[in-house]
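All remarks here apply to the structure that follows.
The values are calculated or read from the model by the stated rules, or taken from the named source; none is laboratory data. Only a predicted model underlies this, so the values are computations on that prediction, with no experimental measurement involved. A quick note on method: Cβ atoms are made from the backbone with ideal geometry, for glycine too, and the neighbour counts reach across all protein chains shown.
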Amino acid sequence: MKILVCIKQVPDMESKFKIAASGRWYDTADLAWRMNEYDEYAVEQAVQLKEQEKEADLTVLCIGPERVKETMKKALAMGCDRGAHVADDNYADKEPFEIAGIIAEYARDKQFDLILTGMQSQDRGSAQVGVLVAEMLGLPSITTIVHFSYAAGGAIETKRELEGGVKAVVKAKTPALVTCQLGLNSPRYPTLPNIMKAKKKELLSVPVADLLKVDSRQETAKMYFPEKKGGGLVLEGEVGQLADKLIQILKEKTAVLA
Amino acid sequence: MKILLVAESRDGKLLGSANELIAFAAKMGGDNAMFLVGSESQLPAYSGKLYLAETAVCGEFNPDAHKRLLLEVIGKEQPDIIAFSHSSYGWDLAPRVAFALKAAQVSELVDVVDGELVVPVCNSKLRRNVRLKTKQTVVTLQAGAFGLAEPPTGSPTVEKIGADTAGNLEFCGYEAAEQGGVDLSKADVIVSAGRGIGKPENIEMIAKLARALKGEYGASRPVVDSGWVEHKRQVGTTGQSVTPKLYLACGISGAIQHLAGMKKSEFIVAINTDKDAPIGDVADVLIVADLKQFIPVLTEKILAL
Ligand SMILES: Cc1cc2nc3c(=O)[nH]c(=O)nc-3n(C[C@H](O)[C@H](O)[C@H](O)COP(=O)(O)OP(=O)(O)OC[C@H]3O[C@@H](n4cnc5c(N)ncnc54)[C@H](O)[C@@H]3O)c2cc1C
Ligand SMILES: Nc1ncnc2c1ncn2[C@@H]1O[C@H](COP(=O)(O)O)[C@@H](O)[C@H]1O
């Protein structure tokens, strides 16, 4: 069984963002980078499947500059067998159709039985790449899964999460693609021995030019900070004084302390 | 300009998001028509043409078949924009349709300004304007971003379509959300714990403040996903929608899916170390502090009142 899991490296969302000089993306200097949260669930599910199907071979793919290799190493330490790094310094300018095109081109002749992606990336958040890859490869795809099981012979059973916490039970046959939602499983922390082992695993880089065969259909005109609409009160200072102030406000503005 | 609006139904019921699609069409101007896989007994208030396929025939969840039905209608109507809700139905179906049409897709639209489509980036901390290169565009609309002052009226002119049933997925029914346990909708005060609480032991600190305020405690999704709190206490699109007199968001960043479940609360207080956290957009008061230091002090002072 051959499995592909696609991960993206994203900045910590608590970062103090600045707009890049181009005016079209955020400045990538001085940010802390991590694995897209949704993709951690995808990696964990792929590793669990590999543990179930002992002979399975698991590739992790990531498109981005040199620094994404750090995040890929985490996926290798979690249990992926090999890394396919698509080297691209301009990945942020690429729209989902191009990112999907690159992944599909990579996967086209490799006969993956299962492809896993996150349901969305935390920065761009298009929730498109997974489904587009499946459409490009002519595979069935199930999005937003919070449950996954696989039975020998290729039967997949999933639960899709819908609004209000309702779930839809959906089945498919491999080859297929699934997009993973938060809470699908409990992503493991790589252990020290596994981090050491991961250093010896294959992590090859391919230039993006070899895989980019599609044209973009949209472009970013500009990026900016939204206007603050709230206009609420912002309080800073020593915690005792803050607590007194808040109690005063709650007494004036709400009935809950009456 | 012509827009095709893709409404949704689930389990025999039309979903309210149809009104937001209509609001989007009103904002854009020009012509519009609607598409729905649903039932004739649950029609949207809409005074335009509605292409209706029966769920009973085409399946509740059958994206492959729904895609082909939509492509048929798109062929007839030749819309410039095909608009979905950014929902579990919309984000699933939209890329399939965009791919088939060779159209650009722009997800989670919050506004349209001078012909550029505005979308959020990085948990709504940033915004991005998008310019299109294709003739047709597929969009999904952020829940709550487009609204009408008055609910729409009228009844649609229905044209029944299709009996397409083939698909590459097998839908085996719904599973209801967890039942029983606490009912957050009845609480006057809700104190919610977010990932910022750091560890499960700190739930007790949140619960204690909730008790001091004679309320209940809730949580954001990661706290529930980690198994620290039961799902019944989750606030947001995939949990409960609440409107208490007071909502305290402790260590919650304010993702759109969380805001959707609490932004109609009467008074909102956020406690966050990040002054720029998007929760500040809906908070009446944002306390910039480490909750682990602030909450015990606040609780003591409230208990001493
Ligand atoms: C389809 C879908 C449905 C979803 N449904 C829901 C839902 O129903 N409910 C929901 O909540 N989410 C939902 N989510 C997830 C949502 O997108 C966010 O990931 C989630 O709300 C983030 O939770 P959080 O704010 O607790 O965590 P984070 O975003 O990680 O934020 C933690 C916050 O804590 C602050 N913080 C850290 N340390 C401290 C400290 N010591 N003191 C004070 N503040 C601190 C940080 O500054 C940060 O703002 C959904 C997502 C999707 C895609
Ligand atoms: N640069 C990238 N490299 C590898 N996978 C990616 C990349 N960008 C997006 N993906 C995958 O596509 C999913 C959805 O991303 P998006 O469509 O941008 O919301 C992510 O969760 C990843 O699994």
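Before we move on, is A:ALA21 modelled with pLDDT of 95 or more and either buried (at least 17 other Cβ atoms within 10 Å of the Cβ) or touching an Asp or Glu at 6+ places or on another chain (Cβ under 6 Å) (or both)? No, not satisfied. For B:GLU8, the requirement of being within 14 Å of chain A (Cβ to nearest Cβ) and modelled with pLDDT under 95 is not met. Of the residues making up the stretch A:25-43, those that are outside any strand (DSSP E or B), at negative phi and either away from ligand 2 (no atom under 16 Å from the Cβ) or under 12 Å from the mean Cα position of the chain (by Cα) (or both) are A:ASP27, A:ALA29, A:ALA32, A:ASN36, A:GLU37, A:TYR38, A:ASP39, A:GLU40, A:TYR41, A:ALA42, A:VAL43. Restricting attention to the stretch B:88-98, does a residue exist that is crowded, with 21+ Cβ neighbours inside 10 Å, of a type in the set (Asp, Glu) and under 20 Å from A:ASP123 (Cα atoms)? Scanning the stretch B:88-98 turns up at least one residue that is crowded, with 21+ Cβ neighbours inside 10 Å, of a type in the set (Asp, Glu) and under 20 Å from A:ASP123 (Cα atoms).
Answer yes or no as to whether B:ASP183 is at the interface with another protein chain (Cβ under 7 Å from one of its Cβ atoms), surrounded by fewer than 19 Cβ atoms within 10 Å (Cβ to Cβ) and farther than 28 Å from A:THR143 by Cβ.
Against the criterion (at the interface with another protein chain (Cβ under 7 Å from one of its Cβ atoms), surrounded by fewer than 19 Cβ atoms within 10 Å (Cβ to Cβ) and farther than 28 Å from A:THR143 by Cβ), B:ASP183 does not qualify.
Return yes when A:LEU49 is more than 11 Å from ligand 2 (Cβ to nearest atom), away from every other protein chain (no Cβ under 14 Å) and under 30 Å from B:ALA94 (Cα atoms) and no when it is not. Spelling it out, A:LEU49 is indeed more than 11 Å from ligand 2 (Cβ to nearest atom), away from every other protein chain (no Cβ under 14 Å) and under 30 Å from B:ALA94 (Cα atoms).
Only one entry in A:GLU236, A:GLU202, A:GLU219 is farther than 26 Å from B:SER87 by Cβ, within 16 Å of ligand 2 (Cβ to nearest atom) and acidic (Asp, Glu), namely A:GLU219.
Contact map, the stretch A:49-76: residues that are at positive phi paired with residues that are more than 16 Å from ligand 1 (Cβ to nearest atom), Cβ distance under 7 Å, separation 6+ or inter-chain. Pairs shown: A:GLY64/A:GLN9; A:GLY64/A:ASP88; A:GLY64/A:TYR91.
How about the stretch A:106-136: which of its residues are away from ligand 1 (no atom under 14 Å from the Cβ), closer than 22 Å to B:GLN105 by Cα and free of Cβ contacts under 8 Å to residues at least 40 places away in the same chain? Hits for the stretch A:106-136 are A:LEU132, A:GLU135, A:MET136. For B:SER47, indicate whether it is within 14 Å of another protein chain (Cβ to nearest Cβ) and either under 21 Å from B:LEU117 (Cβ atoms) or out of contact with any Phe, Trp or Tyr (no Cβ under 7 Å at 6 or more places or on another chain) (or both). Answer is no for this residue. Exactly one residue out of A:ALA255, A:ALA243 is within 10 Å of another protein chain (Cβ to nearest Cβ), out of contact with any strand residue (DSSP E or B) (no Cβ under 6 Å at 6 or more places or on another chain), surrounded by 18 or more Cβ atoms within 10 Å (Cβ to Cβ) and over 30 Å from A:ARG108 (Cβ atoms), and it is A:ALA243.
Of the candidates B:ALA103, B:ALA163, B:ALA176, B:ALA143, the single residue that is more than 18 Å from the chain's Cα centre (by Cα), surrounded by 12 or more Cβ atoms within 10 Å (Cβ to Cβ), of a type outside the set (Asp, Glu) and closer than 27 Å to B:THR55 by Cβ is B:ALA103. The residue that is farthest from the other protein chains (Cβ to nearest Cβ), counting only those in the stretch A:194-239 that are of a type in the set (Asp, Glu) and under 30 Å from B:VAL297 (Cβ atoms), is A:GLU238.
So which residues in the stretch A:44-53 are in a loop (DSSP other than H, G, I, E, B) and crowded, with 18+ Cβ neighbours inside 10 Å, if there are any at all? Listed by number, the list is empty, since nothing qualifies. Summed over the stretch A:66-85, the residues that are over 24 Å from A:THR158 (Cα atoms) and not in a loop (DSSP other than H, G, I, E, B) give a count of 13.
Please go through the stretch B:4-49 and give me each residue that is part of a strand (DSSP E or B) and buried (at least 23 other Cβ atoms within 10 Å of the Cβ), ordered by number.
B:LEU4, B:LEU5, B:VAL6, B:ASN32, B:MET34, B:PHE35, B:LEU36, B:VAL37, B:GLY38
Output yes when any residue across the stretch B:64-73 is touching a residue at least 24 places away in the same chain (Cβ under 8 Å), of a type outside the set (Ser, Thr, Tyr), in contact with a helix residue (DSSP H, G or I) (Cβ under 6 Å, 6 or more places away or on another chain) and facing another protein chain (nearest Cβ under 7 Å), and no when none is. No - not one qualifying residue is present in the stretch B:64-73. Of all residues in the stretch A:159-182, those being within 7 Å of chain B (Cβ to nearest Cβ) and buried (at least 19 other Cβ atoms within 10 Å of the Cβ) number 11.
On inspection, A:ILE3 fails the criterion of being surrounded by 15 or more Cβ atoms within 10 Å (Cβ to Cβ), more than 10 Å from ligand 2 (Cβ to nearest atom) and within 14 Å of chain B (Cβ to nearest Cβ). Of the candidates B:GLY147, B:GLY115, the single residue that is more than 7 Å from chain A (Cβ to nearest Cβ), farther than 22 Å from A:SER216 by Cα and not acidic (Asp, Glu) is B:GLY147. When the stretch A:1-17 is filtered for residues that are part of a loop (DSSP other than H, G, I, E, B) and farther than 24 Å from B:ARG195 by Cβ, only A:MET1 remains. Quick check: is even one residue across the stretch B:196-216 more than 12 Å from ligand 1 (Cβ to nearest atom), within 13 Å of chain A (Cβ to nearest Cβ), within 18 Å of B:VAL288 (Cα to Cα) and not in a helix (DSSP H, G or I)? Within the stretch B:196-216, none of the residues are more than 12 Å from ligand 1 (Cβ to nearest atom), within 13 Å of chain A (Cβ to nearest Cβ), within 18 Å of B:VAL288 (Cα to Cα) and not in a helix (DSSP H, G or I). Which of the residues belonging to the stretch A:213-232 are buried (at least 16 other Cβ atoms within 10 Å of the Cβ) and either under 30 Å from B:LEU213 (Cβ atoms) or free of Cβ contacts under 8 Å to residues at least 60 places away in the same chain (or both)? Listed by number, the residues that qualify are A:PRO226, A:GLY230, A:GLY232.
Kindly indicate which of A:ILE99, A:ILE63 is part of a strand (DSSP E or B), buried (at least 20 other Cβ atoms within 10 Å of the Cβ) and touching a strand residue (DSSP E or B) at 6+ places or on another chain (Cβ under 7 Å).
None of the other options fit; the residue is A:ILE63.
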